[in-house]
There are 2 protein chains.
Amino acid sequence: MQQNQKKPRIVIVGAGFGGVKLAKLFAKENVDVLLVDRHNFQLFQPLLYQVSTAVLSTDEIAYPVRAFFRKSRNVEFFMAKAEGVDQARKVLLTNHGEIAYDYLILAAGATTNYFGMQEVEAHSYGMKTLQEALHIRNHVLHMFERANKETDPEVRRRMLTFVVVGGGPTGIEESGALTELFGIQQKEFHNLDFSEVSVKLIEATANVLPMVAPNLREHAVKVLRKKGVDVMLNTQVVGYDGNDLKLKDGTTIPTQTVIWAAGVKAVPFIKDCGGEVDRGGRIIVNEKLQVEGSDCVFAIGDCAHYQHGTERPLPTVAPVAMQQAQTAHDNIMKLIQGQQDLATFHYKDLGAMATIGRGEAVVDKTKINPQMTGFIAWCAWMFVHLLRLAGAHANFTVAIKWTWNLFSGTRLGRIITNIKD
Amino acid sequence: MQQNQKKPRIVIVGAGFGGVKLAKLFAKENVDVLLVDRHNFQLFQPLLYQVSTAVLSTDEIAYPVRAFFRKSRNVEFFMAKAEGVDQARKVLLTNHGEIAYDYLILAAGATTNYFGMQEVEAHSYGMKTLQEALHIRNHVLHMFERANKETDPEVRRRMLTFVVVGGGPTGIEESGALTELFGIQQKEFHNLDFSEVSVKLIEATANVLPMVAPNLREHAVKVLRKKGVDVMLNTQVVGYDGNDLKLKDGTTIPTQTVIWAAGVKAVPFIKDCGGEVDRGGRIIVNEKLQVEGSDCVFAIGDCAHYQHGTERPLPTVAPVAMQQAQTAHDNIMKLIQGQQDLATFHYKDLGAMATIGRGEAVVDKTKINPQMTGFIAWCAWMFVHLLRLAGAHANFTVAIKWTWNLFSGTRLGRIITNIKD
């Protein structure tokens with residue numbers, strides 16, 4: 001027991017892909033681990049769009065953090081909101097007090113970036129949290145119920161116009177899934193004119209899915225258009241007041257629904273951690289993943305800016321965070337053991353994939369096959385995402401739901417849980 | 001099409017067991033049906049306690065109303081909150097305008113009855129809506145996370161004391177399910193002293209489960225006590241300020257959690273429907289199920305007071321509502337066809353059942369077997385509830401979850417979705 005008191009204390013901020021992997025790695029070491037997150041679950045963000053479009057339940061993409069560490073008595077979970085780091089005193093500041101650390105890893109992730117447009121932020125829906133996905137689901141379903149009671153065609157059309165901003169995987173997946181959801185709604189709103197319903201995908205640049213090859217980008221746009229999505233490229237949003245989306249060319253789109261998937265930035269407290277941050281609020285790390293100013297503070301994943309031997313900072317995707325978790329763990333163990341030859345992080349690109357709704361996806365640059373599209377790509381997408389979901393139980397029920405959706409053409413999650421009169 | 005305009009218009013308020021059954025019956029007739037509910041889903045209330053204790057997801061016990069009537073083009077759903085009836089003008093008043101009817105059936109259900117104790121109502125949790133079940137889940141899980149960070153033992157014990165008021169099926173099921181949830185929590189809160197955790201079930205009378213035989217009531221109490229529930233009979237609540245539950249004998253129980261399952265009353269707008277109501281706000285119907293003052297307004301289920309040839313008004317359970325739906329439909333069709341020999345409603349008691357947690361239940365007065373307890377009763381309970389769940393899909397996933405819970409001893413719904421800092 002005497003030895004226990006001398007164990008190094010590892011504090012990890014964030015229970016996402018990177019943070020949980022780190023805690024699992026450290027669970028096997030002779031250290032004490034404290035994992036801090038403001039949520040008590042790990043969110044499987046790649047499937048958030050399926051919660052927002054009534055395919056999956058919240059419980060299926062959120063796994064209780066403590067359940068990961070049932071048998072790891074040296075891992076403790078602390079539910080709190082991180083607020084900054086005092087490097088001099090070696091403490092993490094939270095809304096539930098200070099936490100002393102020997103080694104600290106910031107793995108706190110990202111939030112939606114509205115690029116300073118406060119009006120847009122106030123009136124549109126983000127796509128980063130479980131609550132936001134539920135808000136979108138409730139709101140979209142509400143729009144149909146309200147339109148069904150609305151006699152003014154102009155007001156009705158505004159309610160039935162759904163705009164997704166951002167041509168990355170989230171925007172592609174969300175807009176594709178919305179058209180499918182509306183196909184199901186059409187079977188049940190006998191008195192609503194579905195020619196008034198529209199889904200628009202707005203992208204500021206000339207391309208969607210920047211991480212895949214140009215031919216796959218074109219394929220994605222083609223498939224989306226075939227599904228009925230109005231894909232608007234080279235289109236920039238400048239404002240939104242909740243009723244009219246203003247574009248840079250001076251035109252407006254009357255709509256009550258703007259889903260913002262156009263950018264991410266690090267969670268705000270990262271700027272208060274003692275290191276230098278980039279324009280996206282991400283803390284700059286050296287090639288050992290250490291934050292400037294301290295040997296014992298590391299940062300990984302979406303909240304870290306890593307740019308060594310790469311043209312641009314690494315993308316904000318799970319594989320980066322998980323690979324960095326391994327390096328951060330290895331380097332901290334070396335420091336604990338008094339070794340100085342820390343490892344340099346090297347990112348291994350595992351390829352990219354995005355689904356465009358039922359039976360369609362694009363997959364690029366993976367080991368197995370350089371490119372895939374269509375049904376086979378969709379199966380690959382499903383397989384990879386099922387495997388990565390935490391909890392064998394969720395794998396089962398999600399697999400059943402997807403199969404059910406495929407064959408039955410219904411979605412049982414179409415319930416409105418926040419009633420506004 | 002000319003004939004269509006002369007079709008009688010049937011308006012049904014409430015999409016619960018009774019209302020949906022009515023709409024399904026009228027869907028086959030040459031009438032127009034308008035089903036009104038403030039929610040867009042039918043809630044399977046008997047399993048609400050499983051949402052509140054993190055066993056099931058919201059989507060599994062809530063079925064989108066429109067999905068029932070996909071192929072019934074003469075049934076229209078109208079999402080609105082009913083506010084009263086103007087019998088003279090034959091209109092239903094709602095928060096989205098007036099709805100004219102030829103025949104109206106009130107099937108609007110019940111809400112929690114706090115018996116006028118406003119302080120209790122303000123601080124305790126009801127168990128009638130999906131939102132309330134989620135509030136309980138979030139709150140209970142929060143109490144553990146907060147207690148885990150709390151150093152004052154008195155404050156911690158108050159956080160870890162959970163009181164359920166009411167010894168009916170809901171109270172029995174909720175208190176039993178809470179002890180099981182806490183057994184799982186115990187495996188994951190390595191530093192929390194679980195001798196500080198307690199579940200109390202408070203019942204004002206000398207008995208729990210008034211609808212079953214005395215030997216089964218005793219059995220239920222015995223099983224609950226074995227599970228660790230502190231069953232307090234002959235105990236009356238007189239007040240609750242959010243911190244201390246006050247009992248009639250002058251003692252108090254320090255607790256931050258009171259779940260109120262001690263009584264129901266009709267939803268409030270029922271008193272504004274032109275008929276006479278009883279003390280529980282239920283509208284009095286004649287033996288044909290008609291509301292006083294109008295031949296064409298009927299009431300069924302939990303919002304109706306039916307007392308003909310019975311000692312007490314009928315219980316507020318699904319079988320009553322569903323049997324009354326059949327009679328109300330038959331009588332309205334007779335009126336439409338100009339017949340005067342309306343049928344008298346006769347309730348056929350199908351027996352009662354309640355589960356007391358994993359592997360234990362009591363079943364009484366059913367056709368198959370007059371009494372059952374233990375594992376066989378629990379299987380019967382599961383079977384009946386699975387069958388009655390709407391949606392084959394939900395049957396599947398719920399069956400899997402129950403099986404999973406039985407063997408794995410975990411609950412994946414333990415996620416906190418409302419973050420209070």
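The values are calculated or read from the model by the stated rules, or taken from the named source; none is laboratory data. Everything numeric in this text was worked out from a predicted model, so none of it was measured. Note that we place each Cβ from the backbone using ideal geometry, even for glycine, and neighbour counts take in every protein chain shown. Quick note on the areas: whole protein, heavy atoms, side chains included, nothing else; ligands and nucleic acids left out. Shrake-Rupley method; radii C 1.70, N 1.55, O 1.52, S 1.80 Å.
Here the accessible area of the protein assembly as shown is 51 percent carbon and sulfur, with a 1.4 angstrom probe and all protein chains present.
Note that chain A presents 41 Å² accessible area per residue, ligands and nucleic acids not counted, probe 1.4 Å. The Cα center of segment B:202-242 and the Cα center of segment B:158-185 differ in position by 12 Å. Note on chain B: dipole from Cβ charges, positive end direction compared against B:Pro169, B:Gly239, B:Phe383; the farthest Cα belongs to B:Phe383. Modelled spin labels at B:Lys7 and A:Glu218, positioned 7 Å past Cα toward Cβ, are 5.1 nm from each other.
The dipole here belongs to the protein assembly as shown: it is taken about the Cα centre, uses +1 on the Cβ of Lys and Arg and -1 on the Cβ of Asp and Glu, and is about 1800 debye.
On average, how many beta carbons from a partner chain sit within 10 Å of the beta carbon of a residue in B:56-62? Show your work: numbers first, answer last.
Values: counts 2, 7, 7, 15, 5, 1, 6.
Average per residue, whole number: 6.
Provide a whole-number value for the mean count of partner chain Cβ atoms within 10 Å of the Cβ atoms in peptide B:122-134.
Numbers: counts 0, 0, 0, 0, 0, 0, 0, 2, 4, 3, 0, 0, 2.
Neighbouring Cβ atoms belonging to other protein chains average 1 per residue here.
Remark: segment B:303-309, residue by residue, has Karplus-estimated 3J(HN,Hα) of 9, 10, 9, 10, 8, 9, x Hz, where x stands for each Gly or Pro and the curve is 6.51 cos²θ - 1.76 cosθ + 1.60 at θ = phi - 60°.
Give me the net charge of A:Lys28's neighbourhood, meaning all other residues with Cβ under 14 Å from the Cβ of A:Lys28; Lys, Arg count +1, Asp, Glu -1.
Values: positive: A:Lys7, A:Lys21, A:Lys24, A:Lys71, A:Arg73; negative: A:Glu29, A:Asp32, A:Asp330.
Result for the local shell: +2.
Shape descriptor for the protein assembly as shown: Rg over Rh equals 0.99 (Cα atoms; Rh from the Kirkwood inverse mean 1/r).
Nearest 100 Å² is fine: what is the total accessible surface buried where chains A and B meet, probe 1.4 Å? Could you put the intermediate results ahead of the total?
On the way: alone 20120 and 20130 Å², together 34840 Å².
In total, chains A and B hide about 5400 Å² from solvent.
Secondary structure note: in chain B, about 50% of the DSSP beta bridges are antiparallel.
Applying 1/(1 + (r/R0)^6) with r as the Cβ-Cβ distance of B:Arg225 and A:Asn395 and R0 = 30 angstrom yields a FRET efficiency of 0.20. Say R0 is 25 Å: what FRET efficiency, to the nearest 0.05, do B:Lys334 and B:Gln307 get from their beta-carbon distance? Approximately 0.65, to the nearest 0.05.
Solvent exposure of B:Phe383, expressed as accessible area, is near 130 Å², computed with a probe of 1.4 Å over the protein chains only.
Summing +1 for each Lys or Arg and -1 for each Asp or Glu, what net charge is found among the other residues whose Cβ lies under 15 Å from the Cβ of B:Asp295? Combined, the nearby Lys, Arg, Asp and Glu give -2.
Counting only residues at least eight positions apart within a chain, or on another chain, the aspartates and glutamates with an alpha carbon under 16 Å from that of B:Lys246 are B:Glu119, B:Glu121, B:Glu203.
Restricting to the protein assembly as shown, compute how many DSSP beta bridges are antiparallel as a %, nearest 5. Intermediate results must be reported in sequence, preceding the final value.
Numbers: 60 of 126 bridges.
Rounded to the nearest five, the antiparallel share is 50 percent.
The trypsin sites (Lys or Arg not before Pro) of segment B:325-421 that DSSP puts in a loop, and whose beta carbon has at most 10 other beta carbons within 10 Å, are B:Lys348, B:Lys367, B:Lys420.
Counting only residues at least eight positions apart within a chain, or on another chain, the aspartates and glutamates with an alpha carbon under 14 Å from that of B:Lys271 are B:Glu83, B:Asp86, B:Glu292, B:Asp302. Quick one: go through segment B:339-380 and flag any residue whose amide nitrogen is under 20 Å from the point 7 Å out along the Cα-to-Cβ line of B:Glu287. It comes to B:339-349, nothing else.
In a fully extended conformation the segment linking B:Thr344 and B:Gln326 would gain 5.4 nm over its present Cα-Cα distance, using 0.36 nm per residue. Take A:55-64, B:281-290 and order them by the average number of nearby Cβ atoms within 10 Å per residue, most first; the result is A:55-64, B:281-290. Relative to the globular-protein estimate of 2.2 N^0.38 Å, the Cα radius of gyration of chain A stands at 1.03. A Förster radius of 30 Å, combined with the Cβ-Cβ distance separating A:Leu387 from A:Arg73, puts the computed FRET efficiency at roughly 0.60. Its Cα gyration tensor gives segment A:118-262 an equivalent ellipsoid; the semi-axes, largest first and in whole Å, are 24, 18, 15.
How much net charge surrounds A:Leu342 when only other residues with a Cβ under 13 Å from its Cβ are counted (Lys, Arg +1; Asp, Glu -1)? Could the numbers behind the result be given before it?
Working: positive: A:Lys288, A:Lys334; negative: A:Glu287, A:Asp295, A:Asp330, A:Asp341.
Around A:Leu342, the charge tally is -2.
The alpha-carbon of A:Lys24 sits under 17 angstrom from the alpha-carbons of these aspartates and glutamates, leaving out residues fewer than 8 places away in its chain: A:Asp32, A:Asp37, A:Glu76, A:Asp330, B:Glu188.
Given segment B:118-262, what percent of its DSSP beta bridges are antiparallel, to the nearest 5? Mind dumping the intermediate values first?
On the way: 6 of 20 bridges.
So the antiparallel bridges amount to about 30 percent of the total.
Across A:Ala361, A:Ala54, A:Ala204, mean-square fluctuation computed from a Gaussian network of chain A (C-alpha pairs under 10 Å connected) peaks at A:Ala204.
Name the helices (complete DSSP H segments) of chain A with a Cα length along the long axis of 30 Å or more and a Kyte-Doolittle mean of at least 1.0, or state none.
Working: long enough: none.
Helices passing the filter in chain A: none found.
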